[in-house]
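The values are calculated or read from the model by the stated rules, or taken from the named source; none is laboratory data. Please read these numbers as outputs of a predicted model, since none were measured by experiment. So basically every Cβ, Gly included, is an ideal-geometry build from the backbone, and we count neighbours across all protein chains shown.
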Amino acid sequence: MSILEAAQEETAKKPIKQLDHRYDGIAKVTGKATYAGDFKEPFAKDDLLYAWMVQSTIANGTIASMDSSAAEHAPGVVAVMTPFNSPKIPQPPAQPPARRNLTILQNTDVKYNGQPIAVVVAKTLVQARQAATLLKIKYTEQPAKVIYQDHLADARWPGNPGKEPAGNTRGDIAAGFAKATVTVEGTYTTPIQVHNPMEPHATIAWWEGEKLNLYDATQYITGVKMSIAKTLNIPLDFVRVQCPYTGGGFGSKGSSWSHIPLCAMAAKLTGKPVKLVLDRSQMFGPVGARPSTVNKIKLGATADGKLVAMQQNVIMNAAALEDFTEHSAGPTKMLYMSENNQVSEKLVTVNLGVSTFMRAPGEAPGTAVLEIAMDELAEKLKMDPVQLRVINHADKDPSHDRPWTSKNLKQCYTQAAERFGWSKRSATPAQMTEGNNLIGYGMATATYPANRSAAMAIARILPNGRAFIGSGTQDLGTGMYTIMAQTAAAMLGLDPTLMDVKLGDSTLPKAPVSGGSQSTASVMPAVQEAAMQAKLKLFDMAVNDTASPVHGMKTSDLEAKGGKYFAKADPTKGETFVAIIARNGGKPIEATGSAEPSESKDSMTSQSFGAVFAEVAVDKDTHMVKVRRVVATYDIGTLLNDKTGLNQLMGGIVWGVSFATHEDAHIDPNTGRTVNESFAEYHVPVNADIGTIDATVLNIPDLKFNPLGARGIGEIGITGAAAAVANAIYNATGKRIREYPITPDKLM
Ligand code: MOS
């Protein structure tokens, strides 16, 4: 065992001292946190120009002409960039690493309504927006296909040229159904959903000669850097991306969209710093959305409740510009033990904006639909829904036929059911009433994979008794600053309040996208290693320093705690970090660390699970649904920070409630534009919509996954929650709604 492994094992055993406040909390609540669009430096105030992104008003065709003369002469206007005058980018738009087919004014094609087709740059935002209305645009329109549900027969396999993916079937599905004594079969649908982080997409771009600087609201500074360098055909090292705070992202900010290169192009064209912030309405279309899915599900079980066949065939919308598959059949492949499974996911190309990752892509809609079908199966079997899930518990990963690194789902069912009071449920619907309300209880299983990627960090033990930890990662409001501070502090033997943390700058060592719930699991081992290496350098300095009380000892004989190093055998032999550094040049002790997934990642599956229970009240007259309580218990490995961790799980649950009863992007069948492109009409829950949420974790370390035993928690909270609410609505009303969202009209 290496000295690092030994230290990590020791750290994993001792609970890390948590920061009980968010590292970034005070900056945020006092308005001192500078988000991408807020920066006023390093450029002079009057230098900053404002860009407005102009969008197409047709769904399919070409731009025949664009007369920009009136716009160019409008007050304050500095430049108007159109497909006819825009700087030519000397190579096709980048595919990898962003894998986005960007629209950056290199041709006149229009593939969806809302596509960026021009940029107006002016002295003020108002002037830019006003001038944009003066553009005279003529289109050559082509017939558009926008409602994919009208074209399900056109469904095709994803990819180009569109081959059937292998390995999506196990066993013999027909033989499985032949053995079944009970089956349920139905079509379950989920709508298009649109990410609406509080902070919209925002970019400030400025050039210093050939070098491009970006402040960008992103989940992936390194991704923006790679994508922009490739798109603009400039060396990677010429791009610097900074994003110290991200005001939510939910997957939308995981990749680079057209507005980023457009902003950089406008800055180049004008020779000035340019700010481009998307309006709320512009969040609906050009920056991704969760596609809608139609899921045909069939489940077969024997009389004892054992699943013998599971089938899910999915059709969803995809964009003319680019494919994206929402893997909503994912949970059917692995959530329960069934020998015979068949799933498929197909796409219908329509003239809409590109689909993309949105919180728990795949698992969110996948559990939302499968877990209603499971509830129906339990009812047909006259079996408790929890019992049905326990009977079909997957002791190993059925989709890969390999063990889990750690799984304690049964304990989640027990703990959450107990906390919820599940035993008081009436199995027969519409039996529990309270005043004018029908009361219902429902439950579902939650799941999300545990991902991990290579990451790097840099640590410095400072001469002033503090320490620094940095990594090119991001904090979406999720707690990255906080856990970086406490994880490095634990390794260095410092109080976490003595840490200085830096992230969100592409000049820092690289870290992965803050997506796929992987940041904690990826970045913390690198933080540990960097801090460990810095500590070892300090120990080395001490044993070689004739004035040190540990002179001549071995570094492995030393320990650090409370800002001091000392001999393990005799803690009186030691001194402060400040003292040893002062005697040896007074400079910070610096070390970098990197970490990546172990090789065992291909022989085992790491996955998080949970059990979600919901109580709803449905008004008998108005059919309004109130989600009064959600109780959920998760198995997510070690919880590194109670406050930031449980907050994320609660946020996910709120989104599950939103999925169940609110969110739905309506596409106008005539224009292909999202009709409800505002917070007034795209409904998300407000405080009054959310009752109490009781989220707990088992806190059982998954040490086969990483040295902290911690799996990610960003996404699992939304999974299962929608179905728990849907099943509670059925239990309350006896009405089985298979189409999300479950709005009052569907309950009439
Ligand atoms: Mo998440 S949808 O992987 O940012």
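Here's the yes/no breakdown for (1) out of contact with any Ser or Thr (no Cβ under 6 Å at 6 or more places or on another chain); (2) modelled with pLDDT of 95 or more:
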| position | (1), (2) |
| --- | --- |
| D540 | no, yes |
| D545 | yes, yes |
| G563 | no, yes |
| A569 | yes, yes |
| E575 | yes, yes |
| E599 | yes, no |
Where a residue in the stretch 526-538 is not assigned by TED's automatic domain parsing to the domain that holds A579 and its partner, wherever it lies, is assigned to a helix (DSSP H, G or I), with Cβ under 8 Å and at least six apart
none
Can you find even one residue in the stretch 383-399 that is closer than 26 Å to Y730 by Cβ, surrounded by fewer than 24 Cβ atoms within 10 Å (Cβ to Cβ), more than 16 Å from the ligand (Cβ to nearest atom) and without any contact (Cβ under 8 Å) to a residue 24 or more places away in the chain?
yes
Which is touching a residue at least 60 places away in the same chain (Cβ under 8 Å), within 16 Å of the ligand (Cβ to nearest atom) and either touching a Phe, Trp or Tyr at 6+ places or on another chain (Cβ under 9 Å) or under 23 Å from N196 (Cβ atoms) (or both), of I742, I693, I718, I667?
I718
Give me the residue from the stretch 243-262 that is under 12 Å from the mean Cα position of the chain (by Cα), outside any helix (DSSP H, G or I) and not polar (S, T, N, Q) and, out of that set, nearest to the ligand (Cβ to nearest atom).
G251
Quick one: W655 ticks every box in (1) under 17 Å from the mean Cα position of the chain (by Cα); (2) away from the ligand (no atom under 16 Å from the Cβ) bar one, so which box is it?
(2)
Subset tally (residues that are charged (D, E, K, R), part of a loop (DSSP other than H, G, I, E, B) and either in contact with a Lys or Arg (Cβ under 9 Å, 6 or more places away or on another chain) or not assigned by TED's automatic domain parsing to the domain that holds V527 (or both)) for the stretch 562-602
1
Selection status of S399, of a type in the set (G, A, S) and under 30 Å from P286 (Cα atoms)
no
For the stretch 495-544, enumerate the residues that are away from the ligand (no atom under 16 Å from the Cβ) and hydroxyl-bearing (S, T, Y).
T497, S506, T507
Using beta carbons and a limit of 7 Å, which pairs, at least six apart or on different chains, have the first residue in the stretch 315-327 and assigned to a loop (DSSP other than H, G, I, E, B) and the second one among the polar types (S, T, N, Q)?
A320/T349; A320/N351; L321/N101; E322/N101; F324/S355; F324/T356; E326/T293; E326/S355
Where residues in the stretch 629-671 are among the charged types (D, E, K, R) and not in a helix (DSSP H, G or I), which of them is surrounded by the fewest Cβ atoms within 10 Å (Cβ to Cβ)?
D668
From A378, A368, which residue is on the phi < 0 side of the Ramachandran plot, touching a helix residue (DSSP H, G or I) at 6+ places or on another chain (Cβ under 9 Å), outside any loop (DSSP other than H, G, I, E, B) and within 16 Å of the ligand (Cβ to nearest atom)?
A368
For the stretch 580-596, give me the residue count where each residue is within 26 Å of M484 (Cβ to Cβ) and either in contact with a Leu (Cβ under 9 Å, 6 or more places away or on another chain) or modelled with pLDDT of 95 or more (or both).
11
Subset tally (residues that are over 19 Å from E596 (Cβ atoms) and within 16 Å of the ligand (Cβ to nearest atom)) for the stretch 475-494
5
Take A547 and tell me if it is outside the structural domain of G714 (by TED's automatic domain parsing), closer than 30 Å to M650 by Cα and in contact with a helix residue (DSSP H, G or I) (Cβ under 7 Å, 6 or more places away or on another chain).
no
Any residue that is β-branched (V, I, T), within 16 Å of the ligand (Cβ to nearest atom) and outside any helix (DSSP H, G or I) - is there at least one of those in the stretch 287-309?
yes
Residues to consider are I737, I716, I729; find the one that is closer than 20 Å to S328 by Cα and buried (at least 24 other Cβ atoms within 10 Å of the Cβ).
I716
Matching residues in the stretch 69-91 (closer than 13 Å to L269 by Cβ and either surrounded by fewer than 17 Cβ atoms within 10 Å (Cβ to Cβ) or free of Cβ contacts under 8 Å to residues at least 24 places away in the same chain (or both)) number 4
Being surrounded by 16 or more Cβ atoms within 10 Å (Cβ to Cβ) and under 20 Å from the mean Cα position of the chain (by Cα), is that true of even one residue in the stretch 686-696?
yes
Being crowded, with 23+ Cβ neighbours inside 10 Å and in contact (Cβ under 8 Å) with a residue 40 or more places away in the chain, is that true of even one residue in the stretch 548-571?
yes
Filter the stretch 215-240 down to residues that are in a loop (DSSP other than H, G, I, E, B) and surrounded by 24 or more Cβ atoms within 10 Å (Cβ to Cβ) and give me whichever is farthest from the ligand (Cβ to nearest atom).
A217
Could you say whether any residue in the stretch 488-500 is surrounded by fewer than 24 Cβ atoms within 10 Å (Cβ to Cβ) and free of Cβ contacts under 8 Å to residues at least 40 places away in the same chain?
yes
Collect the residues in the stretch 263-286 that are closer than 25 Å to G652 by Cα, assigned to a helix (DSSP H, G or I) and away from the ligand (no atom under 16 Å from the Cβ), keeping them in residue-number order.
R280, S281, Q282
Is there any pair linking a residue in the stretch 347-365 that is in a strand (DSSP E or B) to one that is within 14 Å of the ligand (Cβ to nearest atom), with Cβ under 9 Å and at least six apart or on different chains, and which?
L347/P291; L347/F324; L347/T325
Filter the stretch 672-695 for residues that are of a type outside the set (G, A, S), assigned to a loop (DSSP other than H, G, I, E, B), more than 21 Å from A726 (Cβ to Cβ) and out of contact with any helix residue (DSSP H, G or I) (no Cβ under 8 Å at 6 or more places or on another chain) and give the result.
R673, V675, N676, E681
When both residues are 6+ apart or on different chains and their Cβ atoms are under 9 Å apart, which pairs have a first residue that lies in the stretch 218-229 and is within 16 Å of A205 (Cβ to Cβ) and not assigned by TED's automatic domain parsing to the domain that holds H259, and a second that is within 15 Å of the ligand (Cβ to nearest atom) and part of a loop (DSSP other than H, G, I, E, B)?
none
Among I737, I700, I713, which is the only one that is of a type in the set (A, V, I, L, M), within 16 Å of the ligand (Cβ to nearest atom) and outside any helix (DSSP H, G or I)?
I713
